[in-house]
Amino acid sequence: MIPTAVTEREITRLSALAAGKRVLEVGSLLGFSTVHLARVAEVVHAVDPHEGYPQADPRPTLEPFIQNLVDADVRERVVVHVGTDAQVLPMLAPGSFDLVFIDITGLFWDTIHCMHRAVPLLRHTGVLAVHDCGHPEWPGVQQAVAQFALARDTAWEQIDRLAIFEQTWGRR
């Protein structure tokens, strides 16, 4: 079993959004969501620096992440990008993903910057999902989601701690 903070309701909704689609996951950690998304998606591009977890006693996560993909028999459906969103997202083709799932540091600036970097990568009718929205230890995510929605004059759906933006994305 892969440790995760993603709930059953969240992964069910994410899997429905990912079915048959091109997915970008920013923040893979040990691969729980990556595995579930890869089981149903056309392809998952997984971005994570894999620098270390848990925070109290950090150990690199790339090897266990890859092993979890192999064990779940989804390795061939996952393109692994080792790096931060700031390093990797600018190298990806605009308009190439149907779903972007962000689950990173929980900090406001990291989250809002990642959201803004992700939007150009979405197809015109893509979906942006952000994890940890409303988490008491990570109030920056809720703040980033609210600021993002306000700036774009749009609403979002929330399932547990998953904020979902389903809209038409204009190219700015």
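Key figures
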{"read-out": "Conditions (1) loosely packed, with under 15 Cβ neighbours inside 10 Å; (2) in contact with a Phe, Trp or Tyr (Cβ under 6 Å, 6 or more places away or on another chain): number failed by ALA163", "value": "(1)"}
{"read-out": "Residue among PRO94, PRO139 that alone is farther than 20 Å from HIS45 by Cβ, modelled with pLDDT of 95 or more and not aliphatic (A, V, I, L, M)", "value": "PRO139"}
{"read-out": "Test result for GLU137, more than 18 Å from PHE165 (Cα to Cα) and touching a Pro at 6+ places or on another chain (Cβ under 8 Å)", "value": "no"}
{"read-out": "Residue list for the stretch 1-54, filter: farther than 15 Å from LEU99 by Cα and among the small types (Gly, Ala, Ser)", "value": "ALA5, GLY31, GLY52"}
{"read-out": "Hey, ILE112 at pLDDT 95 or above, surrounded by 18 or more Cβ atoms within 10 Å (Cβ to Cβ) and touching a Cys at 6+ places or on another chain (Cβ under 6 Å) or not", "value": "no"}
{"read-out": "Conditions (1) in contact with a Leu (Cβ under 7 Å, 6 or more places away or on another chain); (2) closer than 16 Å to LEU69 by Cα; (3) buried (at least 24 other Cβ atoms within 10 Å of the Cβ); number of the one not met by ALA46", "value": "(1)"}
{"read-out": "Restricting the stretch 52-98 to residues that are hydroxyl-bearing (Ser, Thr, Tyr) and more than 22 Å from VAL141 (Cα to Cα), the residue that is surrounded by the fewest Cβ atoms within 10 Å (Cβ to Cβ)", "value": "SER96"}
{"read-out": "Some residue of the stretch 99-108 being touching a strand residue (DSSP E or B) at 6+ places or on another chain (Cβ under 9 Å), aromatic (Phe, Trp, Tyr), within 19 Å of LEU128 (Cα to Cα) and surrounded by 18 or more Cβ atoms within 10 Å (Cβ to Cβ)", "value": "yes"}
{"read-out": "Tally, over the stretch 1-55, of residues that are in contact with a Gly (Cβ under 8 Å, 6 or more places away or on another chain), under 17 Å from ALA72 (Cα atoms) and at pLDDT 95 or above", "value": "4"}
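The values are calculated or read from the model by the stated rules, or taken from the named source; none is laboratory data. All figures in this text were calculated on a predicted structure; none of them were measured in a lab. Neighbour counts run over all protein chains shown; Cβ positions are idealised from the backbone, glycine included.
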